[in-house]
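The values are calculated or read from the model by the stated rules, or taken from the named source; none is laboratory data. Quick caveat: nothing in here was measured; it's all calculated off a predicted structure. Please note: Cβ atoms are built from the backbone with ideal geometry, for glycine as well, and neighbour counts cover all protein chains shown. Just the protein is used for accessible areas: all its heavy atoms, side chains included, with ligands, DNA and RNA removed. Shrake-Rupley method; radii C 1.70, N 1.55, O 1.52, S 1.80 Å.
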Amino acid sequence: MNKYYSIATPILNGNEKKYVMDCLNSTWISSNGPYLDQFEQQFAAFCQTKHAIACSNGTTALHLALMAHGVRPEDEVIVPTLTFVASANAVTYCGAVPVFVDAESETWNIDTDAIESKITPRTKGIIAVHLYGHPANMDPIMHIAQKHDLFVIEDAAEAIGAQYKGKMAGSLGHTATFSLFGNKIITTGEGGVVTTNDDDLAEKVRLLKGQGIDKNKKYWHPVIGYNYRMTNIQAAIGCAQLENIDWHIRQRIRVAMHYYDYLQDDDRLTLPVQKIWSKNVYWMFSVVLNRYTELQRDSVMKCLKDNGIETRPFFYPMHILPPYKQGLTFTDFPVANRIASQGINLPSHGELTEGDIRFICRTLKNVL
């Protein structure tokens, strides 16, 4: 039987089983237990922030951050169009309106030169997504936010361990959110985290994630809250993952360097960059097929699948999705349109060997 090369797989090679069994033996399996505090402390220390608040997934982390920042119906929040739909969905959960900005062509992140033209009196904040593991250019984003009195949320779902000018992703905006889904660099199965250095924002997130229960008065609910809690079992897995996080990140970078070795001289491909001011953690090793149509890109992916290689397309830009395309002009987002239609995510997890990557690259070149 031929080997199958999956796009992603969780690596549980530390104390995950030991800590989960400890939860089971102690019966602390729900949203209370010692691993939750330990996980939050470890996560905050890694991101170099004062606070890390664990929650049920990356989307609820975004929703909590937006609510903590006071986003209300009819407000506007600026979002890159080229990202996973959760970034816009969380804005919509608040009754607010996501306002989309095109990508820039090198990092594929939000085009900082296009942000100010989208600001209106209703704009309350900016979500800066660190797409596929490369940080957004945060200095101009923070400058724009300060100038217009806006908040900035880093959507760092794909970028734990990434750095911008020596500072950790998660410590750059007013708040940041992470996903710990099974395909991420570290995982708790499902899970999310909000990080911040702001004590008041952290307190609001904690209040909102636990049904709005007053921490000093049991079953008193001063606000409408949500059941967005993480379980002690998930946190136990997260503690084990964080113990090995440097190793997990090194494996992603190792995989990426092998891809560069075998693909960098092929002018049919645009490879991911690492800007001089950044550390890219390569959540996905993503390539753009130059001069290929979307149908041709899909045909390439099918041929790779026939050879046992799982791939994924880039995210559809949100301005073409049915819930969000009303009133938008397709031609307003030329970079995102091109990248999304030509992009492929290759297998990127840390269990891939150099031989695996050599086979994937040779197959990709033959298919092209």
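Charge tally around L271: other residues with Cβ under 13 Å, Lys/Arg +1 each, Asp/Glu -1 each, net -4. The overall shape of the chain, judged from the alpha-carbon gyration tensor, is oblate: a/c is not under 1.5, and a/b is no greater than b/c. Ordered from largest to smallest accessible area (heavy atoms of protein chains, 1.4 Å probe), the residues H143, H319 come out as H143, H319. Once you reduce the stretch 295-334 and the stretch 59-96 to the center of their Cα atoms, the two points are 23 Å from each other. Taken as Cα centroids, the stretch 265-290 and the stretch 189-210 sit 32 Å apart, rounded to the nearest whole angstrom.
Cross-link partners of K147 among lysines, defined as those whose alpha carbon lies under 16 angstrom from its own and excluding same-chain residues fewer than eight positions apart: K118, K124.
Among H148, H130, the order of accessible area from largest down is H148, H130, computed with a 1.4 Å probe on protein heavy atoms.
Within straight-line reach of K209, meaning a Cα separation under 20 Å, sit the following lysines at least 8 residues removed in sequence or on another chain: K50, K217, K218. Here's the list of lysines a cross-link from K305 could span, going by alpha-carbon distance under 28 Å and ignoring same-chain residues fewer than 8 apart: K3, K184, K365. Applying a DSSP loop filter and a limit of 14 other Cβ atoms within 10 Å to the trypsin sites (Lys or Arg not before Pro) in the stretch 286-345 leaves R291, K325. Remark: accessible surface ordering of F39, F315, F181 (largest first) is F181, F315, F39, probe radius 1.4 Å. Rounded to the nearest 20 debye, the dipole size of the chain about its Cα centre is 520 debye, using +1 on the Cβ of Lys and Arg and -1 on the Cβ of Asp and Glu. What the chain shows is 44 Å² of accessible area per residue, with the surface traced by a 1.4 Å probe over protein heavy atoms. With a/c under 1.5 counting as rounded, go ahead and sort the stretch 18-66 into rounded, prolate or oblate using the C-alpha gyration tensor (a ≥ b ≥ c being the square roots of the eigenvalues; past the cut-off, prolate if a/b is larger than b/c, else oblate). Here the stretch 18-66 falls in the oblate category.
Tell me whether the stretch 183-294 comes out rounded, prolate or oblate; compute the Cα gyration tensor, take square roots of the eigenvalues as a ≥ b ≥ c, and use a/c under 1.5 as the rounded threshold.
Verdict is prolate for the stretch 183-294.
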